[in-house]
1. List the strands (runs of 3 or more DSSP E) inside segment A:47-150, counting only whole elements, that have at least 2 residues being surrounded by fewer than 23 Cβ atoms within 10 Å (Cβ to Cβ).
2. Evaluate the following for B:Ser77: is it open to solvent by less than 30 Å² (accessible area, probe 1.4 Å), within 13 Å of another protein chain (Cβ to nearest Cβ) and modelled with pLDDT of 95 or more?
3. When segment B:21-31 is examined, which residues are found to be open to solvent by 10 Å² or more (accessible area, probe 1.4 Å), more than 13 Å from B:Lys45 (Cβ to Cβ) and away from ligand 1 (no atom under 16 Å from the Cβ)?
4. Take the residues in segment C:139-156 that are within 23 Å of the chain's Cα centre (by Cα) and more than 13 Å from chain B (Cβ to nearest Cβ); name whichever of them is least open to solvent (accessible area, probe 1.4 Å).
5. Can you confirm whether B:Ser267 is within 14 Å of chain A (Cβ to nearest Cβ) and among the hydroxyl-bearing types (Ser, Thr, Tyr)?
6. Which of the residues that make up segment C:84-99 are more than 16 Å from ligand 2 (Cβ to nearest atom), in contact with a Leu (Cβ under 9 Å, 6 or more places away or on another chain) and over 11 Å from C:Ala72 (Cα atoms)?
7. Anything in segment C:109-136 that is of a type in the set (A, V, I, L, M) and either under 14 Å from the mean Cα position of the chain (by Cα) or within 16 Å of ligand 2 (Cβ to nearest atom) (or both)? List them, or say none.
8. Could you please find all residues in segment B:70-82 being assigned to a strand (DSSP E or B) and closer than 13 Å to B:Pro28 by Cβ?
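The values are calculated or read from the model by the stated rules, or taken from the named source; none is laboratory data. The structure displayed is predicted, hence computed values, not measured ones. We place every Cβ from the backbone using ideal geometry, glycine too, and count neighbours over all the protein chains shown. When the accessible area is computed, the model is the full protein with side chains, heavy atoms only, and any ligands, DNA or RNA have been set aside. Shrake-Rupley method; radii C 1.70, N 1.55, O 1.52, S 1.80 Å.
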Amino acid sequence: MTTEMICAGFGGQGVLTIGKFIAQAAMQEGKNVSWLPSYGPEMRGGTANVSTVVSTEPIASPIVSFPDVLVALNQPSIDKFAPSIRPGGLLIYNTNMCPRGCKREDITKIAVPMNDIASEIGSMIVLNMVATGVVIGKTDIIKYETLEGNLTSFMQEKNPDLLTKNLAAIKRGIEIAKQYT
Amino acid sequence: MSKILMKGNEAIAEAAIRSGCRLYFAYPITPQSELIEYMAKMMPKVKGTFIQAESEVAAINMVYGAAGSGKRVMTSSSSPGISLKMEGLSYIAGAELPCVVVNVQRGGPGLGDIQPAQGDYFQATKGGGHGDYRLIVLAPSSVQEFADMASEAFDLADKYRNPVMILADGMLGQMMEPVEFKPAKTDAELQELANQHLSWCICPNEDGAKKHHHEINSLELDPQVLEQHVLGLLKKYAEIQKNEIRYETYNISDENEVLCVAWGTASRVVKSAINEVQKQGKSVGLIRPIRVWPYPYEAIKQVIGKNVKKVYVFELNSGQMVEDVKIAVEGKVPVDFWGKVGGVVFTPAEIKEKLEECF
Amino acid sequence: MEIIAKRPEALTKEPFHYCPGCMHGVAHRLIAEAIDENGLINQIAGVAPVGCAVFAYKYFNCDMAEAAHGRAPAVATGIKRARPDMHIFTYQGDGDLAAIGTAEIVHSANRGEKISVFFVNNAIYGMTGGQMAPTTLPNMKTTTSPYGRNVDDIGYPIRMCELLATLVAPYYIERVSLLSPADIIRAKKAVNKAIRYNKENRGFTFIEFISTCPTNWGYEPEQARQWAKENMLPFFKLGVYRDKGEGVE
Ligand SMILES: Cc1ncc(C[n+]2csc(CCOP(=O)(O)OP(=O)(O)O)c2C)c(N)n1
Ligand code: SF4
Ligand SMILES: [Mg+2]
């Protein structure tokens with residue numbers, strides 16, 4: 001089983017972190033993983049993306065041609081990567097920043113107002129965790145508990161408030177994803 | 001030791017420290033800066049020396065000095081900075097000093113760009129600096145292998161008193177994969193390392209009246225004497241060629257109709273494409289040189305199965321290693337090449353298409 | 001302020017790629033205005049560095065060469081010697097000029113090369129993401145001095161104006177700041193003088209701009225300027241270090 005995922009958005013929306021948390025948790029669950037970010041001036045120009053591969057097999061290429069899952073936090077990310085999603089694949093996108101959405105009919109689309117949810121929870125920083133929650137809720141790429149454990153050990157002492165918000169954001173994402181089964 | 005998710009640039013730095021490297025001199029450059037930054041953070045913690053040199057030229061000469069003092073020493077850079085180190089490497093090779101140099105390659109020539117590329121193959125394996133010398137060149141293709149190559153590189157450098165280059169690229173530097181580190185050298189092992197070169201290196205005189213006089217030098221004006229010195233180097237290189245060739249084979253069988261040759265990052269993409277065409281019943285094998293000098297000429301010749309119609313070389317350059325593949329194949333089957341230049345990395349889909357065209 | 005009224009002719013239409021609050025754009029503008037005001041647009045050429053200002057070759061509306069890291073003064077020497085009727089400037093950061101390019105700047109100054117050097121000192125390597133520069137202040141934290149610059153280990157910041165002023169040949173050396181509107185007006189005068197001396201082929205001219213890098217210092221632009229005023233100006237004293245035209249030796 002191999003899942004190839006691309007997360008993309010504006011620099012500062014935390015797309016690299018989505019990939020990192022998922023790769024980290026999948027590794028702890030015994031899977032092979034790779035995490036390959038875009039880097040350089042492209043990011044200063046405002047967009048960032050990361051290819052994450054999670055597999056029960058050794059990972060050959062960390063470069064993803066046809067993602068199974070695309071997480072798009074803004075419209076340019078849909079425009080750039082949605083055409084290459086594998087037929088039957090999954091698109092998770094942020095309706096607040098993707099006014100035109102995606103026209104493809106051969107994939108599952110989960111449209112989530114991530115900015116709204118994040119501001120409801122009380123911090124725009126957790127926008128990427130809403131997206132992460134949707135990924136967890138819709139795929140079996142990682143278990144929620146693994147991520148919760150990691151976040152807790154990472155943040156409990158430094159920033160318990162942010163931890164609570166992050167976990168709330170992930171849970172909201174999972175709930176939303178459950179409506180799509 | 002459990003697995004840690006880490007960038008290649010950080011993993012190689014951590015592994016170097018564990019291998020007993022306590023001296024590191026370098027100059028910042030993308031896409032290898034995480035390496036120098038990791039060293040800046042960690043070297044003080046192990047009472048090692050970190051210096052951000054004023055240039056790559058200075059850094060490699062600091063390496064010359066430290067290597068001449070018999071200590072494990074490393075520098076790292078990316079392509080434009082490696083070019084500046086070439087003078088120093090020629091002197092280090094000439095003076096037969098052990099050291100490790102990491103090149104996290106990017107697109108060239110000139111300032112080029114900062115994306116992954118393999119355009120420094122010729123420079124690394126055929127010279128780069130002046131004179132008759134060789135670097136031992138290790139070519140990792142995963143973060144784990146990148147890290148593992150640290151201790152391998154230091155051991156080879158010490159064993160042969162020769163500079164060793166780890167030829168990675170921006171993708172391996174920036175990518176995170178799980179790594180498992182070997183345990184760090186113990187104090188006793190470090191002590192042993194510190195003593196291994198005392199017979200020739202710059203060190204305090206402890207021989208009493210029989211005071212030693214060690215010269216760290218590559219100058220010899222008498223051509224007859226220099227000739228003997230270079231012949232000695234060549235003998236050493238022949239020894240390295242005999243003992244130190246390493247390669248990986250993937251999906252090699254008598255059914256292979258195409259044999260691919262690829263190294264480093266490029267080989268990862270080729271493996272994915274092979275997995276795909278295999279599903280269509282097309283048999284393609286891969287040989288990956290793990291070290292690109294010494295080069296596995298004989299191995300390539302040996303794995304060309306009886307059904308192989310074509311040897312296909314894929315590189316992230318305009319065709320450099322393919323010249324070595326042609327030497328290995330000796331015209332027995334056609335050798336084709338396809339690559340990407342300028343820091344553009346080919347995708348599995350593109351390689352798959354190229355392979356499908358062979359059938 | 002009058003200086004932001006219209007785009008100087010000596011700048012192309014290419015939009016700057018600098019971060020918000022970065023001073024490279026201001027320095028570019030001052031140089032471009034001086035080129036315009038001295039009527040040099042058709043006789044001047046520049047050399048861009050490796051650093052955040054690497055794309056300066058796109059911004060100045062005259063012929064431009066892009067040099068290897070630190071080598072701009074050598075490239076400028078080559079151009080000036082090949083085209084003595086032209087007027088040549090370099091534009092360099094602190095890593096470019098005071099680390100890897102130390103030999104080139106010292107020797108072009110020592111030869112009294114008839115070029116202008118514009119040196120932007122922001123105490124850090126901006127382009128590569130905030131590593132220590134030769135001008136990084138004592139105890140200042142950067143990604144390669146994570147525990148603060150330790151002067152016992154790595155030395156004190158280099159004062160380039162003072163260093164070059166020990167040489168006999170340079171014609172004009174001044175350090176200015178870009179940290180306030182009043183300072184920018186003074187900087188403009190200095191840049192103008194350097195370009196005028198260059199036009200008159202008087203000799204080697206050198207302007208250092210005390211600047212900021214809000215992005216890698218981790219400050220808002222205004223905070224960054226304030227920090228620079230409090231920390232950089234006491235160490236890097238503004239003023240004229242050489243002006244043979246005005247009898248300052
Ligand atoms: C030979 C070489 N070494 C290193 C680099 C990487 N590099 C690019 S810009 C830079 C530092 C730039 O700093 P500075 O000159 O202070 O300019 P700033 O970005 O701060 O304006 C470095 C080290 C390079 N391009 N070439
Ligand atoms: S990184 Fe610093 S020097 Fe570079 S453009 Fe941004 S603010 Fe300016
Ligand atoms: Mg600088």
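1. Working: elements: A:47-55, A:69-72, A:90-94, A:108-112.
Hits in segment A:47-150: A:47-55, A:108-112.
2. Numbers: open to solvent by less than 30 Å² (accessible area, probe 1.4 Å): yes; within 13 Å of another protein chain (Cβ to nearest Cβ): yes; modelled with pLDDT of 95 or more: yes.
Considered against the rule, which asks whether it is open to solvent by less than 30 Å² (accessible area, probe 1.4 Å), within 13 Å of another protein chain (Cβ to nearest Cβ) and modelled with pLDDT of 95 or more, B:Ser77 comes out as yes.
3. Correct list: B:Leu23 only.
4. This residue is C:Met140.
5. Values: within 14 Å of chain A (Cβ to nearest Cβ): yes; among the hydroxyl-bearing types (Ser, Thr, Tyr): yes.
Yes, satisfied.
6. First pass over segment C:84-99, keeping only residues more than 16 Å from ligand 2 (Cβ to nearest atom): C:84-90.
After this cut, where a residue has to be in contact with a Leu (Cβ under 9 Å, 6 or more places away or on another chain) as well, the list is C:87, C:90.
Residue satisfying the conditions is C:His87 alone.
7. Going residue by residue through segment C:109-136, those that are of a type in the set (A, V, I, L, M) are C:109, C:115, C:117, C:120, C:123-124, C:127, C:132-133.
Of everything in segment C:109-136, those that are of a type in the set (A, V, I, L, M) and either under 14 Å from the mean Cα position of the chain (by Cα) or within 16 Å of ligand 2 (Cβ to nearest atom) (or both) turn out to be C:Ile115, C:Val117, C:Val120, C:Ala123, C:Ile124, C:Met127, C:Met132, C:Ala133.
8. Our first condition is that a residue be assigned to a strand (DSSP E or B); within segment B:70-82, this holds for B:73-77.
Result: B:Thr75, B:Ser76, B:Ser77.
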